[in-house]
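Colleague: Here it is, the structure, as structure tokens.
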Ligand code: ATP
């Protein structure tokens, strides 16, 4: 069985404060794009429970630290399935530690896939609840499309009639740890008023230049200070394409919005000289997600 695990970008990211449980309170507009990992699941029948994972990717763990394995563990525990297990094969295409929620998306795909494979009949809400135990971005990745994510990221409000268009993603050749970026974030950078309502309005108007003007990412200045080479790259990209360049999540992936495939292709061609990891992708609506 094949499940697609789609990457996400942030159109807004406001950090509102620090919670007593150690997480940050966030308010984000998340949007799926059609860059995906492929997750192949095969049911293993037997006396004991086995979760086996393989992948040609060399830069991720393949044991319980992999979010896909962690998701399978949560699934079997919560559904009281003690016999049999799953073989997970991952074809990795989403850049790792890039601000694109690759690991969370893999976890969500495993939850959706196991639900079908074992015919358990869990609802999407149930799967999202299981996903929240694996990671804060997993619930969004269960549904995909466009949504406002609040709390630590698990409280979702779907955005219907989102923006249609294309995105050029560029992943600079470095890994950024989300935990390190949050650690470097000072309270002075917390938002007092989140920007998601204004962004949702721009998305529903389908006004790409308004979306660009209303983009906000409270982590962007932190990551750019920690990695000045990303700030330099961003400036050069803006000079070359004449559009604003944004950072997704804790970075370092940078992106540009494009209204048409042809305009996206021109930007893609221009950016290929800057890095190896460049992708032209489409914004995905929830209804075309599964
Ligand atoms: P986010 O945007 O949610 O912060 P990210 O895109 O920055 O996520 P990931 O690609 O999910 O980051 O990887 C973050 C860390 O998670 C890496 O250090 C990686 O080793 C680990 N990881 C665990 N499972 C996976 C997976 N299936 N794919 C990628 N990374 C994984």
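Readers should treat all values here as calculations from the given coordinates under stated rules, not as data from a laboratory. Keep in mind it's a predicted model, so treat the numbers as computed, not measured. Every residue, glycine among them, receives a Cβ derived from its backbone with ideal geometry; neighbour counts consider all protein chains shown.
Colleague: Can you sort 92, 8, 171 from fewest to most other Cβ atoms within 10 Å of each residue's own Cβ?
Modeller: Ordered from fewest to most neighbouring Cβ atoms within 10 Å, 92, 8, 171 come out as 92, 171, 8.
Colleague: Using alpha-carbon pairs under 8 Å, 6+ residues apart, how would you state the relative contact order of the chain in percent?
Modeller: 24
Colleague: While we're looking at this one, here's another question. Could you give the angle, 0 to 90 degrees to the nearest 10, between helix 228-241's Cα long axis and the longest principal axis of the Cα atoms of the chain?
Modeller: 70
Colleague: Show me 189-200, 57-68 ranked by packing, highest mean number of other Cβ atoms within 10 Å first.
Modeller: 189-200, 57-68
Colleague: Using only Cα atoms, find the angle between the long axis of helix 67-78 and the longest principal axis of the chain, and express it within 0 to 90 degrees, rounded to the nearest 10.
Modeller: With both axes taken from Cα atoms, the answer is about 40 degrees.
Colleague: In what order do 141, 146, 241 fall by count of nearby beta-carbon atoms within 10 Å, going from fewest to most?
Modeller: Going from sparsest to densest Cβ surroundings: 241, 146, 141.
Colleague: Quick check: pseudo-label points 7 Å beyond the Cα along Cα→Cβ at residue 119 and residue 18, how many nm apart are they?
Modeller: 5.1
Colleague: Quick check on the chain: take the gyration tensor over C-alpha atoms, sort the square-rooted eigenvalues as a ≥ b ≥ c, and tell me if it's rounded (a/c under 1.5), prolate or oblate.
Modeller: prolate
Colleague: Continuing with this model, one more query. Listed highest first by mean packing, meaning other Cβ atoms within 10 Å per residue, what order do 16-22, 70-76, 210-216, 134-140 come in?
Modeller: In descending order of packing, they fall as 134-140, 70-76, 210-216, 16-22.
Colleague: Taking a ≥ b ≥ c as the square roots of the eigenvalues of the Cα gyration tensor of the stretch 166-289, is the shape rounded (a/c under 1.5), prolate (a/b larger than b/c) or oblate?
Modeller: oblate
Colleague: May I pose another question? Once each part is reduced to its C-alpha centroid, what is the distance from the stretch 114-153 to the stretch 247-290 in angstrom?
Modeller: 25
Colleague: Calculated FRET efficiency, residue 83 and residue 1, Cβ-Cβ r, R0 25 Å, to nearest 0.05?
Modeller: Once rounded, the FRET efficiency stands at 0.85.
Colleague: Now for a separate question. Given a Förster distance of 22 Å, report the FRET efficiency between residue 38 and residue 277 from their Cβ-Cβ distance, rounded to the nearest 0.05.
Modeller: So the FRET efficiency works out to roughly 0.80.
Colleague: Can you tell me the orientation of helix 196-205 relative to the chain, as the angle in degrees between its alpha-carbon axis and the longest Cα principal axis, to the nearest 10?
Modeller: Computed tilt is about 80 degrees.
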